[in-house]
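In what follows, a single structure is set out as structure tokens and then discussed.
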Amino acid sequence: MSLHKLRLAAAVPLTISTFSSRLFLKPFPNTLTLGLFSRRLQQHKPLLVRAFSASATVQDIPATQTTVSSARPQWKASIDFKWIRDNKEAVEINIKNRNSNANLDVVLELYENMVNLQKEVERLREERNNVAKKMKGKLEPSERERLVEEGKSLKESLVSMEEDLVKLKDELQHVAQSIPNMTHPDVPVGGEDSSAIRKEVGCPREFHFQIKDHLQLGKDLDLIDFDSAAEVSGSKFFYLKNEAVLLEMALLNWTLSQVMKKGYTPLTTPEIVRSSIVEKCGFQPRGDNTQVYSIDGTDQCLIGTAEIPLGGIHMDSILLESALPLKYIAFSHCFRTEAGAAGAATKGLYRVHQFSKAEMFVICRPEDSEFFHHELIQIEEDLFTSLGLHFKTLDMATADLGAPAYRKFDIEAWMPGFGRFGEISSASNCTDYQSRRLGIRYRPSEPLQTGPKKGKANLPATKFVHTLNATACAVPRMMVCLLENNQQEDGSVVIPEPLRPFMGGIELIKPKLK
Amino acid sequence: MSLHKLRLAAAVPVTISTFSSRLFLKPFPNTLTLGLFSRRLQPRKPLLVRAFSASAAVQDIPANQTTVSSVARRPQWKASIDFKWIRDNKEAVEINIKNRNSNADLDAVLELYENMVNLQKEVERLREERNNVAKKMKGKLEPSERDRLVEEGKYLKESLVSLEEDLVKLKDELQHVAQSIPNMTHPDVPVGGEDSSAIRKEVGCPREFNFPIKDHLQLGKDLDLIDFDSAAEVSGSKFFYLKNEAVLLEMALLNWTLSQVMKKGYTPLTTPEIVRSSIVEKCGFQPRGDNTQVYSIDGTDQCLIGTAEIPLGGIHMDSILLESALPLKYIAFSHCFRTEAGAAGAATKGLYRVHQFSKAEMFVICRPEDSEFFHHELIQIEEDLFTSLGLHFKTLDMATADLGAPAYRKFDIEAWMPGFGRFGEISSASNCTDYQSRRLGIRYRPSEPLQTGPNKGKANLPATKFVHTLNATACAVPRMMVCLLENYQQEDGSVVIPEPLRPFMGGIELIKPKLK
């Protein structure tokens, strides 16, 4: 449900990041970034080392001030920088196709600097060790003094460089997190208009009477109350009443029962989560245009989709290959600020601040994610076909993909009140984009590497899982479809057959007697 | 569900409100409160008026400064508190405050009220005087006489502006202090602390187990039903995921409860879970402060509901209902969010006290003369529901000191929880009479004129009256799960589903240990 709207093209503020503009990046106090990481290597102490950083300029700052850097990223994505460097051209094209703000040149430059600085730090450590070793023997006092001096200087340089390395790694994270996932080769390149129709089901119902939109039907049948909610909560909130409450429950119950048949485990989730989990799933919880409600005085926020607590459930863990795939269907309420939303589709239930949703989530081996992506879209198509909706499935074009998605199928259903198709669900394959942030790995059952590995003797190396998410039922948009498509000339609304057993056999929502 | 914990005994910070201590009340900038509303009437200009306020002391403050500061800190809404009734029933109110262990300061309220009434009279007298001066000036006058009248009129106007400002502040302070007065108490309510609560009814007896029992946390783990560990990482402690049959059990509980309560004529609802803070206050909860139970949304005046009672109370806010529309009976499903600040002890383990849970809540809006009847209807519904599920429970008529400020009377139901080895609260039903409706502004217009004399203004319409509101838990899911899991466990580790719920969870009769 508009997940791509919720997503950020870039997880970081727009930064046309030349080296000079990096002065404005938040994680770095200005006093420290002056000339830091400049490509020009400054001869710091000729005797000792090519000072990679201009650490000389910051030596006066007390240690406490430099170490207490509260602006550091709270978590790190395991981004495969080597792969990005080795596939520079493909990544560059992908960034362009997806209309992303990510700046690959800066990432690669920072990465190279980081690698060099790391080497330099290692070289310095060795040098310091050599000096220490020399001092163990018998020495002329003058030679000892020289070595003491050299060791002291080396130590100072090392401390300073290690600090720089930490900062450089932080900045690399900050900039690199905006690189979007790669894209499935079959995804059409271009903007929204380029999205390809994968499937189309049914045709628009022809009405022989004056139709009402769902808002009018909701009022006339005493099903939806936006007016009271506007007073109590604000605009775009609503109460459901009477049969609408039963319809919501029926939709969720029926959806769960159908999806469970496919081997999905039902869940309910927390709806308040730590902001870091939101970020790791590829959403931006802060900033002026955020879609995310934050809790006052904590680092927590409200979920905009159950995808977030579902992504978090196996965070920082190594799963057994035999446990995969993990397939979940979760029911939750979702909360979205809908900042910046405008236009006709903001009327009524189409775009609201709080709604109920059943969301599917799959954690699987990389080689299986394509298969499960098709399973998910198939489940969605089957559900909506059973409800008699007229809809089409779209293979969303590159510019319409959020950063985490490798490929995304949207389903748009016919909404007679709007006189157009409206998005009712989407199914995304995020490959390892989220798992590299959430730290979800698995250990293959069979060793893949033949050579002996140091440390973990016979265990095969862990790999990142792939994650997929897909809407099974976003209740308000389903209600738009059901109310508007199933309305009768007498103002009543027919309940689709599959839902009737889940709402006490009700077949028809009739106008109430006043 | 622990509603009395969520309530505040007093809606305002503790204020042992003598006149001097009122200097510390927030709505008044210190510069303005110095000596303000002092009982000593200061003759300022003998010719004119007994200055009721020490407005002379603040005359130097620029007008915009006084208005801006007083407006910004003014209460955002006002309760229609019946001060005359309170004054005329001072003794009963005083005893009630004491019985309910409330911080409310009746003396301060009555003193402020008297001052307010006097000031109001003074303002009216001054207005009349100013009108008289204006009238006199319409005629032909000696220039010296005219000058004198101009001077007097100018002075009267200044005094009036100042007094009217004082009156606004006095009314605000009166609100602030008076809002902490609790509702009156039903005469049958036992006076005293928690131990004094009277048992109204007891159903069933504790099940005897012939095997070592598990608590719901252990059952939840063994049957793969509840995941607190992942939720602690993702959200924090006291959050949880439900899994597998627990999800179906939650849905079954809610569906079954709704279907049962709808049979009694209750209209089903789902509600917003984000509401304006003022609605929370008007329902008698405190959304701000260090020990608040309420999660606030960053950068807005909104917060998360701790119970559907709040959006239910708000649905007819500021409206006049037809008598024929009453009673309005609702059963609402919502998620509830509570910080549980300050909660500690053994009962904080597991599902008993959590930050987020599902609940079906009943709410009734009725005529004053009917609220006692509906209070009994509500507790009867609760008792019937829990009896159908085979729970062992007792209903308590909660003692005065255990009532939140809004409740006139409260029945709690406590059910046997074998894991704790004691009874635990699973629901409560409160009659709030007109406490909430006076804050939420929910009135009705009687169908038959009650007053015989001709009413000025609204010719034949009878005067509006405040409705009574009642709220009652139909199903607080996590505590029901504690009861069901712990009471229906079998020796083999499985859990039997009570019969009424089976049709609502696809016929499942038993939650069995999963094969790994």
Sole residue being basic (Lys, Arg), at pLDDT 95 or above and surrounded by fewer than 19 Cβ atoms within 10 Å (Cβ to Cβ), chosen from B:329, B:394, B:410, B:349: B:394
Cross-chain or 6+ apart pairs with Cβ under 6 Å, region B:255-274 first and more than 15 Å from residue A:228 (Cβ to Cβ) and more than 9 Å from chain A (Cβ to nearest Cβ), then of a type in the set (D, E, K, R) and open to solvent by 10 Å² or more (accessible area, probe 1.4 Å): B:265/B:329; B:266/B:329
Which numbered condition residue A:203 fails, given (1) closer than 30 Å to residue A:395 by Cα; (2) out of contact with any strand residue (DSSP E or B) (no Cβ under 9 Å at 6 or more places or on another chain); (3) in contact (Cβ under 8 Å) with a residue 24 or more places away in the chain: (2)
Any chance residue B:376 is free of Cβ contacts under 8 Å to residues at least 24 places away in the same chain and within 21 Å of the chain's Cα centre (by Cα): yes
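Residue-by-condition table, conditions (1) in contact with a Lys or Arg (Cβ under 9 Å, 6 or more places away or on another chain); (2) farther than 30 Å from residue B:177 by Cβ; (3) at pLDDT below 85; (4) not charged (D, E, K, R):
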site	(1), (2), (3), (4)
B:121	no, no, no, no
B:131	no, yes, no, yes
B:138	no, yes, yes, no
B:158	no, no, no, no
B:162	no, no, no, yes
B:165	no, no, no, no
Residues of region B:296-325 satisfying the condition of being within 10 Å of chain A (Cβ to nearest Cβ), surrounded by 14 or more Cβ atoms within 10 Å (Cβ to Cβ), in a loop (DSSP other than H, G, I, E, B) and in contact (Cβ under 8 Å) with a residue 60 or more places away in the chain: B:316, B:317
Residue in region A:375-390 that is assigned to a loop (DSSP other than H, G, I, E, B) and within 11 Å of chain B (Cβ to nearest Cβ) present: no
Pairs, first surrounded by fewer than 15 Cβ atoms within 10 Å (Cβ to Cβ) in region A:71-96, second of a type in the set (Phe, Trp, Tyr), C-beta under 8 Å, six or more apart: A:71/A:28; A:78/A:464
Number of positions in region B:275-292 that are away from chain A (no Cβ under 11 Å), open to solvent by 50 Å² or more (accessible area, probe 1.4 Å) and of a type outside the set (S, T, N, Q): 2
Filter result (crowded, with 24+ Cβ neighbours inside 10 Å and small (Gly, Ala, Ser)) within region A:418-436: A:425, A:426, A:427, A:428, A:435
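Rundown of residues vs (1) more than 14 Å from chain B (Cβ to nearest Cβ); (2) open to solvent by 30 Å² or more (accessible area, probe 1.4 Å), yes/no style:
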site: A:186; (1), (2): yes, yes
site: A:190; (1), (2): yes, no
site: A:193; (1), (2): yes, yes
site: A:202; (1), (2): yes, yes
site: A:205; (1), (2): yes, yes
site: A:210; (1), (2): yes, yes
site: A:214; (1), (2): yes, no
site: A:228; (1), (2): no, no
Total residues in region A:131-147, condition in a helix (DSSP H, G or I) and open to solvent by less than 70 Å² (accessible area, probe 1.4 Å): 4
Any hit, region A:251-270, residues being farther than 30 Å from residue B:266 by Cβ, open to solvent by 30 Å² or more (accessible area, probe 1.4 Å) and in contact with a helix residue (DSSP H, G or I) (Cβ under 7 Å, 6 or more places away or on another chain): yes
Residue, nearest to the other protein chains (Cβ to nearest Cβ), within region A:232-241, restricted to residues that are touching an Asp or Glu at 6+ places or on another chain (Cβ under 7 Å) and open to solvent by 20 Å² or more (accessible area, probe 1.4 Å): A:241
Enumeration of residues in region B:400-424 that are of a type in the set (Gly, Ala, Ser) and touching a His at 6+ places or on another chain (Cβ under 7 Å): B:404, B:415, B:419
Residue check for residue A:248: surrounded by fewer than 23 Cβ atoms within 10 Å (Cβ to Cβ), of a type in the set (D, E, K, R) and over 29 Å from the mean Cα position of the chain (by Cα): no
Sole exception among (1) more than 10 Å from chain B (Cβ to nearest Cβ); (2) touching a residue at least 60 places away in the same chain (Cβ under 8 Å) for residue A:244, by number: (1)
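Can you say whether residue A:155 is open to solvent by less than 50 Å² (accessible area, probe 1.4 Å) and part of a helix (DSSP H, G or I), as far as the supplied structure shows?
Judged against the criteria, residue A:155 is not a match.
The values are calculated or read from the model by the stated rules, or taken from the named source; none is laboratory data. Owing to the predicted nature of the structure, the values given are computational and were not obtained by experimental measurement. In this analysis, Cβ positions are derived from the backbone assuming ideal geometry, glycine residues included, and neighbour counts consider all displayed protein chains. Heavy atoms of the whole protein, side chains included, go into the accessibility calculation; ligands, DNA and RNA do not. Shrake-Rupley method; radii C 1.70, N 1.55, O 1.52, S 1.80 Å.
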